[in-house]
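Structure record follows, encoded as structure tokens.
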Amino acid sequence: MINNQVYHPLLEKAARFQVLGKSPAGFYLRLNKLVWERLPSRVRNLHAFHSYGAWLHSLVCLGAKRQQFFGTFFLRNRPALELMRRLARQKVQGSNLRIAVLGCSIGAEVYSILWTIRSARPDLNVLLDAVDISKEILSFAEKGIYAPDTSQLVGTSIFERLTEAERVKMFDWEGDRAKIKSWLRQGITWYLRDAADPELVNIIGPHDLVVASNFLCHLSRADAENCLRNVARLVSPGGYLFVSGIDLDVRTKVALDLGWEPVRDLLVEIHDGDRSVQADWPWAWWGLEPLNRKRHDWQTRYAAVFRVNVRGLRPGRHNG
Ligand SMILES: C[S@@+](CC[C@H](N)C(=O)[O-])C[C@H]1O[C@@H](n2cnc3c(N)ncnc32)[C@H](O)[C@@H]1O
């Protein structure tokens with residue numbers, strides 16, 4: 001048992017069981033979906049329905065064969081970017097800020113982070129290590145040139161969260177081709193690597209901010225947990241880990257095991273900051289459970305940002 005959700009091998013078998021090629025669990029879920037989608041949102045938000053939704057989501061996760069996706073957006077989670085800006089604001093004038101982005105896909109997240117931080121703190125020397133496991137996607141990211149068919153490549157409409165003014169400030173446009181401005185392309189090192197590789201920390205070293213968004217949910221729970229523990233090793237003592245798009249039970253377990261401190265600033269806003277994953281709960285394994293303040297562990301469970309390796313700090317040292 002992890003937290004209060006039951007992952008029994010028998011339940012997993014039941015979720016995957018088939019009769020003449022048809023899944024009774026799948027039928028049960030489809031029936032529930034029909035009813036669920038007709039309920040007013042105030043009813044769905046009631047405690048009993050939230051618990052029932054969590055049960056349905058467990059069944060979905062147990063029955064699913066997970067696979068990776070490349071989907072991404074520019075300025076995907078604005079409150080998370082705002083928190084990065086606030087953390088960058090604490091840095092000493094002219095100092096280095098080291099950032100790692102794992103599972104960076106075609107680079108939209110990397111350039112969004114650099115745009116946010118460099119716009120706010122042009123004096124900082126921001127060095128960013130971007131890691132992805134796909135060679136094709138990484139070389140695309142490095143070029144930083146986006147065209148209408150890029151959205152098809154990753155299966156999401158990558159520019160949809162940008163205002164007109166942001167489109168102008170982030171890109172040089174040639175017709176419908178958008179090239180990332182040169183001041184946003186500097187200071188990035190691209191790595192074709194597996195985020196779960198134990199050697200990664202020796203290759204890219206420690207970072208003030210480490211970002212792992214929307215790829216751990218596509219791994220099995222055991223692989224996601226191992227990978228998350230490995231990713232946490234990339235955070236400097238007292239640094240910050242941004243981790244979203246992961247099974248909440250897995251993240252909570254690792255956070256408690258390793259004594260991470262949930263960051264309360266913008267916690268709710270960041271949780272609610274990416275509408276694409278919220279809309280898919282409880283019907284997809286990547287769907288994000290609505291925040292429930294009635295849970296005793298709600299701050300750890302719903303925080304997507306943690307201060308980690310605090311024990312490694314020398315007494316009296318303040319990060320920033
Ligand atoms: C859904 S995209 C997420 C992109 C971006 N992080 C975001 O949140 O918008 C997932 C990306 O993670 C990459 N990925 C999956 N498993 C990985 C691993 N073990 N190590 C590094 N990258 C991985 C995939 O190749 C893909 O580009």
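The values are calculated or read from the model by the stated rules, or taken from the named source; none is laboratory data. Given the structure is predicted, the values throughout are model-derived calculations rather than measurements. Cβ sites come from the backbone with ideal geometry, for glycine too, and all protein chains shown count toward neighbours.
Of the residues in region 65-77, none is under 21 Å from residue 206 (Cα atoms) and at pLDDT 95 or above. Looking across region 164-183, the residues that are part of a strand (DSSP E or B), over 17 Å from residue 119 (Cα atoms) and in contact (Cβ under 8 Å) with a residue 24 or more places away in the chain come down to 177, 178, 179.
Of all residue pairs spaced 6 or more apart or on separate chains, those with beta-carbon atoms under 6 Å, a first member in region 119-139 that is assigned by TED's automatic domain parsing to the domain that holds residue 196 and a second member that is in a strand (DSSP E or B) and within 10 Å of the ligand (Cβ to nearest atom) are 130/101; 131/102; 131/191; 135/192; 138/132; 138/192. Annotation note: Cβ proximity below 8 Å between a residue of region 286-308 that is within 13 Å of residue 245 (Cβ to Cβ) and a residue that is basic (Lys, Arg) and modelled with pLDDT of 95 or more (sequence gap 6+ or interchain) occurs for no pair. Of the helices (runs of 4 or more DSSP H) lying entirely inside region 35-153, those containing at least 2 residues that are more than 21 Å from residue 273 (Cβ to Cβ) are 41-44, 47-63, 135-143. I'd like the residue in region 146-166 that is modelled with pLDDT of 95 or more and surrounded by fewer than 16 Cβ atoms within 10 Å (Cβ to Cβ) and, out of all such residues, is nearest to the ligand (Cβ to nearest atom). Out of the qualifying residues, it is 166.
Please state which one of 83, 56, 75 is in contact with a helix residue (DSSP H, G or I) (Cβ under 8 Å, 6 or more places away or on another chain), buried (at least 16 other Cβ atoms within 10 Å of the Cβ), on the phi > 0 side of the Ramachandran plot and in contact (Cβ under 8 Å) with a residue 24 or more places away in the chain.
75
When residues of region 184-241 are filtered for being of a type in the set (S, T, N, Q), within 13 Å of the ligand (Cβ to nearest atom), at pLDDT 95 or above and outside any helix (DSSP H, G or I), how many remain?
Qualifying residue count for the region: 2.
Restricting 311, 293 to residues that are loosely packed, with under 15 Cβ neighbours inside 10 Å and under 23 Å from residue 208 (Cβ atoms) narrows the list to 311. Looking only at residues of region 243-269 that are under 15 Å from residue 81 (Cα atoms) and within 16 Å of the ligand (Cβ to nearest atom), we find that the one that is surrounded by the fewest Cβ atoms within 10 Å (Cβ to Cβ) is 244.
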